[in-house]
Every structure is written in structure tokens, then in C-alpha cells.
Amino acid sequence: MSRRYQILRALPAGLVAMCVTAVYELTVDPRLSIVQSHIIIIFFAGCVGFCISFIIRQRERAAQQGLLRLAAIVRQSDEAITSVTLDGTVTSWNRGAERTYGYSAAEALGHHISFCVVPEKHAELNLLLQRIADGEVVERFDTQRLTKNGTIIDVSLSVSAIKDETGTIVGVSGIARDVTAYRRTEKELHLRSSALEAAANGIVITDRQGRIVWANQAFSKLTGYSKEEILGKNPRLLKSGEQPDGYYAKLWLTISSGKVWQGEIVNRRKDGTTYTEEMTITPVTQDFGGATDTYFIAIKQDITERKAAEERVQYLAYYDALTGLPNRTLLQDRLSKALASARRQKNKVALLFLDLDRFKTINDSLGHSVGDLVLKQVAERLKKWAREQDTVARMGGDEFLIVLTAVKEVADAAVAAERIRNAMTAEFVVQGHSLDISCSVGISIFAEHGTDGETLIKNADAAMYCARESGRNNFRFYTKDMNAQALERLTLENSLRLALDKKELFLVYQPQMDIATGKIIGLEALLRWQHPELGLVPPDKFIRIAENSGLIVPIGEWVLRTACSQARKWQDEGIPAVSVAVNVSAVQFRQEGFGEVIRKVLYETGLPPQLLELELTESLLLANADVTFSVLQELKDMGVTLAIDDFGTGYSSFSYLRQFQISKLKIDRLFIRDVTLNSNDGAITTAIIGMAKSLNIKVIAEGVENEEQMAFLRAHQCDEIQGYYFSKPLAVDKVASKLRGDSPEPQARAQASGTQS
Ligand code: C2E
Ligand code: MG
Ligand code: MG
């Protein structure tokens, strides 16, 4: 204790003694002697002084004990309490500091505090000491410190200046609390909440009362509701009404019993549109200081697009993309169900296999886009026509299959087929084209014509084929021998594959006559097939098979080469040169490099190009006009002449004739047959001749069989004729004498087709 303080402490006792003495002096009893008085005064003053001194001492002791206790608290504190001089030398280091920094007091005292400061914070430390030395008050701040084992810890530091008795700042005391764990938790919480906020999935938390207490951005994006709009609201504001009854009740039952619910829900956005979400709701019970509360965390994922894609895939797997009708797969499924039910109920099921007549011509002449629209319209009509329990499916191309269930009588199927044909009679208008469409229908009946779907479809198909073969626009019931016919087609195709190699194919030549001069001006090469078992097969029977199987390409090239080399041979033999006409199938014409084939054949056979005439059909010309035009141009440039075969049976458009530089029109024999009997045919023939003349195109009439037809054509200035009236197709060895004019004209009016011997 300082001397000054001791003097100060004695001072009050002295002062009190002096005061008491003075009082006594003034009021002293005169009866006492001076000595007595002084003794009393001194005693009294002594007592007072003692009392005062006792009180002061007691106070000092208490203060000292307080300080000691405080020092003990400081020492023992968990917080790191340290003090340093203004230059940073450690002057005190408590247990908390030892624990926090890992350095003992002995290791720390007397050293510069920087040993426990991370290098990046040295500047901050120096600045702090400086600011405190300057008298600035720095209270609390967060920083980082370095422990003995090299770990960096986060601390919350409170600092204050240490002053001496005179008030001079002599050092800095610091209380540091290790907040590393707290900061980590804080950071983690922050990260967690930002992760939830930024999550791609919509997250919404509702309380037990079903009120939304939190939702993230993705939820707002998904639903269109801002946070402010939905907080406190019930998620039922998203209800679309599209969930089945009891769906939500089940959901609530699950989550209120503490279980996780997972499922798909169709909800409605703020803007009224609906979307499908996949949702998981997890009930979470939280303890808030003893009181528990349950919340429901719903995680939502928008699966609208995925659902749409799924539906699309499903749709494509079971429905025809063009017409929206069930496809073959779905049909098979429906058919097997229909058959199962028919078996139980002892009913019949009718399969109507429908094929559009001459659809290929529409496709070829008006293009595939028109063809597609026709198919769509047909599908619409069939859908309207069918009853709800029937299935109308598209089998591919222009083929449809209708399954009629609960059929009582076989005759009902015939009535249905007739009604379908009637449904097709109303004209179709597609992109300004008015089209007449008819169909051929084949019918098979369960259980008469088969007991399984596959057989019934196959038999209905065979029946349809027969309906088509027998003149189209009608229907046929399946009969046993239809399969034999289908088999025959297959056999024919197989033997046709070998026909070229086995040299079973040959050509006959039908002369064409100039009406004015009566002279032969050309020969049409016509293909024949001498089948080893079937005998002579006419082209009408096998050309379509060749086209469908692609065999027409090699066969066509063979015809071309044979006809050209034969014509060249006749020329070489000194026979008057006439042109040779070769029929070209659309399949051949569309083959890439068709022009090249012609050029090659002409070159190899040495036939002058102007002696080759190619017979093309109208539908061939109109399909894909751009490509056609360039191929025709190539042919024209070679010098080949072009004729339109079977003119009048297609779409008889004159506009392309000049554009395509056509040299000749061949009026189909269908019109010539009744040209003198049917005024309509006569009018068509006359119109074709007139038009061709105006376009400076030659006209030849096919299938002229008698004098009346000949007279009609002559009267209407038809240029040429081809037909049995003049000559039947001739075997190759008969042509030369015909060309030399050895045979008399006109030839016998043969009625049967074939070659003239
Ligand atoms: P097309 O090109 O119109 O040939 C004319 C058809 O009419 C020939 O039948 C011919 O024999 C027949 N014909 C000629 N004059 C008369 C007549 O006065 N009365 C009757 N009723 N018919 C007559 P064919 O040879 O049976 O040929 C039928 C069709 O087969 C041809 O019709 C043609 O489209 C096709 N064809 C024939 N040979 C070939 C060929 O080498 N290639 C291609 N792609 N098709 C061919
Ligand atoms: Mg022809
Ligand atoms: Mg013809």
C-alpha cells in the first residue's frame, strides 16, 4: 500500500479527534481538571479514531478480497483474457488463454502477442495497438487467431485500454471468445438456407394447420405466386381439381401419421395454367425449447415436360402420328380383347380391311402432302362412322382396319362394309383438288374365318386384295381359296426373281400405224413371261409384283436393252427404220441415274436416240415435278422422244405437256373401246385430240379393234392408231416381214390378246 494512501487513511481519524477535542474545549465541564479533561478527550478521540480506522480497514480487506476473487475469476475464465503493453508484449495470460491458444502462461508472458495472431492479421494488430494508444475506444470485433498447433480459430475479441493511476494508457487488455464452432454452425446454417432458397426444386414448408410458413424461389417460379402472396396461405390454392376424389384425403392421412408421401399432382399456377409435379412431403417434428411442433416439408419437381414426352412416346407407340388412329400395335391389343370377350359372350367379331383405290396415283400425281391430307380426311370419316365400341386403326400406307364388336349376323358386316363405301362417296376436297375416292374392303369374321387375331387380319387382307382385283370399289368376304391366291402372288414373285436369269422373259412388238399414210411408224415393245408351269403370264399379272418388289429395275433395263438392240438389228438388216416405244415404270424412272442408264444403253446398242420413244404415265410426271423435269430435260437433250401412256386415266392436266416437251399422247384404250357407243367417251377422245393438236403434240389411240373406232378416229383427225384392228403384238421374228410391208393390212380383227403368229 502506498505511503500517500496510508496518510490519507489516517487523516479522517485525526480530523475526527481534532473535532471532538475542539467541541470538548468549548463545552468542557469546569469541574474537571485539565488533566482529567484531556484524558477524557484523548480517550474519546482515540475510540473514535479506532472505530474509523477499523471501518476503513474492514473496507480495504473486503476490497482486497474482491480483487483476489476477481483475479481468480479472470484466471479461471474460459474466455481468453490477456493483456499486453502498448508495444504488444504479453503481460497477463489466463487459463482461458492457455486453453484457447494452446500456449502456457510461461510460454506467452514477455513475448510479443503476434505469436498467436495469424500473419494476415498482423497489420490489424499493430493498428489496434496504435488506435488504443491514441485513446480511441475499440470495443468488440471479430478476428482470427493462431493456436499453438497451427489451427486458425475465429474469435470475438473485446479490448480495452489499461491506464495507470494517473490515467495514462499503458497497455491493452483483451477478452477473446473462441467462436469457431459457432461460426461454422452459422455458416452451415447460412449455406443450408441459401441452398434451399436456390434449389432447383420448389420447396414449401407448411405448419400443422396447413399454413405455408416458408417457400423458396423455385416454388414461386413454379407456381407464379410470390412469397408474400403465399405465406400464411394453404397450399390448396394450387388445386387444379384434376385429382381424383379422395386423393388429398389419402395424402393427409399419410403425412399426419408421420409417414413420407410421394406422388404426382396436377396443380394450377397463378395464371390458370396447369402443370404436373412430382412431390415428396416429409413430416418433421421440431423441439422448440420443450414444446414440439410438426411441419411438412414438400419438395416439388415440375415434370410437365417429362410427362408430355412420356405421353408422346406412348402415343407414338400406340397411335398413328398422321391420323391419330390406333396403330397396328394397339389394334392387336384391342383385337385380342375383343376376341376374348366375343368368346365369352358367344358373339361374332368382324374385321374390315380397307384399302383406298388408286391412292398411289393421288400420291404420285398430287404429291405426298395431298396424299397425307386425304388419309387424314378418310380417318376422320371412318372415326365418325364407327361406333364407340369399334376400333378403327391405320395399318400403314392407305390401309385401315376396322374391328366391329358384338356382331350378331355375318350379314351385319356386309351392311357395315356397304356403309363405309357410302361414307367415302362424298367428294374429298383437298388443297383445292376435288377427288373421288373409293375403297376396296375385305372382311373376315371371328370365328368362321379364324380364331386368332393374326389369322383374321391375314384373311381380311386376302379378301381385300380380291375385292381390289375384281374391279375395286367393292367388298369381299374371305373365302378359303383367297389364301391360295395370296400364295400364288408370293410364288409368282419368287419365280420372277429367277425369270431373267432363266431367260423366261421375252418381248413382243406391237406396230403403230399412221392413219393418214397407213404405214407403220413405230413398234411398242411389250413384255412377256413364259413361266415353265403357268405358261404365258400377261404383264398385268406380274408388272405390279415386279414394281412392288423392286424387280422392275433390272427387268426394265433388260427390256430397254433388248428393244434397243433389236431395233438396231432391224436397221442394220436394211429394214425401214421405225421408232421403238418402251414402257417405263415410275419405280424405274425414280431410280437415281435413270438418264444415265438410257444414255449407256443407247451408246452400247448404237440405236439413234430419236428412234427410242419412252412411254411414261401421267402420275409419274406429276409426282415430284422438279426432279421429273430435270430427268425429262436430260432425256430430251439426248434426243429421246417422250410419250404419255394411258392418257385420260390420271389427272389429265394439259399444263405440264408443253413444259415437259411431250411428243405424243396415247389415248387409253378404255375410251377407245366405247368411243362410238358412249357419247362421253367420244367427247373425251375428241377433246384430247383437239387439245393435243393445239399444243402440237401427236395423238395415238390405243386398243383400236374395229372399223367403227377407226372411222371415228380418222374423222376426228387422230394421228395414229395401235390395236388389234391393225396388228396384235408380234413375236420378234414376225416383225421384219410386217415392217417390210409383206403382210396385208388391216390384220385380222383378233379378239384375244397375245401375239399374232
Ligand atoms: P400399255 O403400255 O398400255 O400397252 C398396251 C396394252 O394394250 C398391251 O397389253 C397390248 O397388248 C394391249 N392392246 C393393244 N391393242 C389392243 C386391242 O386392240 N385391244 C385390247 N384389248 N388390248 C390391246 P399388254 O401387253 O398385256 O400390256 C399391258 C400393260 O403392261 C401395258 O399397257 C404396260 O402398261 C405394261 N407393260 C407391258 N410391257 C411392259 C414393260 O416392258 N415395262 C413396263 N413397265 N410395263 C409394261
Ligand atoms: Mg404402253
Ligand atoms: Mg396404254
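The values are calculated or read from the model by the stated rules, or taken from the named source; none is laboratory data. Every value quoted in this text rests on a predicted model; they were computed, and no experiment measured them. FYI the Cβ positions are ideal-geometry reconstructions off the backbone, even for glycines, and counts take in every protein chain you see.
General remarks:
- Candidate set: region 190-241, residues that are closer than 18 Å to V266 by Cα and in a strand (DSSP E or B); chosen: the one nearest to the chain's Cα centre (by Cα): G202
- Pairing each residue of region 388-400 that is of a type outside the set (V, I, T) with any residue that is surrounded by fewer than 17 Cβ atoms within 10 Å (Cβ to Cβ) and assigned to a strand (DSSP E or B), provided the two are 6+ apart or on different chains, yields C-beta distances under 9 Å for Q389/A406.
- Residue match in region 613-636 (condition: over 46 Å from the mean Cα position of the chain (by Cα), in a loop (DSSP other than H, G, I, E, B) and in the same structural domain as Q717 (by TED's automatic domain parsing)): no
- Checked against the criterion of being modelled with pLDDT of 95 or more, surrounded by 17 or more Cβ atoms within 10 Å (Cβ to Cβ) and either outside any helix (DSSP H, G or I) or under 60 Å from the mean Cα position of the chain (by Cα) (or both), region 682-699 has at least one qualifying residue.
Yes/no per residue for (1) touching a Leu at 6+ places or on another chain (Cβ under 7 Å); (2) at pLDDT below 85; (3) not in a helix (DSSP H, G or I):
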residue: I40; (1), (2), (3): no, yes, no
residue: G46; (1), (2), (3): no, yes, no
residue: L68; (1), (2), (3): no, yes, no
residue: V74; (1), (2), (3): no, yes, no
residue: T82; (1), (2), (3): no, no, yes
residue: S92; (1), (2), (3): no, no, yes
residue: G110; (1), (2), (3): no, no, yes
residue: L125; (1), (2), (3): no, no, no
residue: L129; (1), (2), (3): yes, no, no
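- Any hit, region 666-673, residues being in contact (Cβ under 8 Å) with a residue 40 or more places away in the chain, within 16 Å of ligand 3 (Cβ to nearest atom) and aliphatic (A, V, I, L, M): yes
- Look at (1) in contact with a strand residue (DSSP E or B) (Cβ under 8 Å, 6 or more places away or on another chain); (2) closer than 19 Å to Q591 by Cβ and you find that R497 fails only one, number (1).
Yes/no per residue for (1) surrounded by fewer than 20 Cβ atoms within 10 Å (Cβ to Cβ); (2) of a type in the set (V, I, T); (3) assigned to a loop (DSSP other than H, G, I, E, B):
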{"residue": "L352", "(1), (2), (3)": "no, no, no"}
{"residue": "G371", "(1), (2), (3)": "no, no, no"}
{"residue": "L375", "(1), (2), (3)": "no, no, no"}
{"residue": "K383", "(1), (2), (3)": "yes, no, no"}
{"residue": "E388", "(1), (2), (3)": "yes, no, yes"}
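- Close pairs (7 angstrom Cβ cut-off, 6 or more residues apart or separate chains): under 15 Å from L632 (Cβ atoms) in region 581-603, more than 14 Å from ligand 2 (Cβ to nearest atom) and among the aromatic types (F, W, Y) anywhere: Q588/F594
- Checked against (1) out of contact with any helix residue (DSSP H, G or I) (no Cβ under 6 Å at 6 or more places or on another chain); (2) more than 16 Å from ligand 3 (Cβ to nearest atom), R561 passes all but a single condition, namely (1).
- You will find that of G650, G703, the residue that is within 15 Å of ligand 2 (Cβ to nearest atom) and modelled with pLDDT of 95 or more is G703 and no other.
- Residues satisfying the stated conditions in region 248-278, i.e. surrounded by 12 or more Cβ atoms within 10 Å (Cβ to Cβ) and more than 21 Å from Y295 (Cβ to Cβ): E264, V266, R268, R269, K270, T274, Y275, T276
- Every test in (1) within 16 Å of ligand 1 (Cβ to nearest atom); (2) assigned to a helix (DSSP H, G or I) is passed by K569 save one, and that test is (1).
- Lone unmet requirement of (1) within 30 Å of T254 (Cβ to Cβ); (2) in contact with a Leu (Cβ under 9 Å, 6 or more places away or on another chain) for F296: (2)
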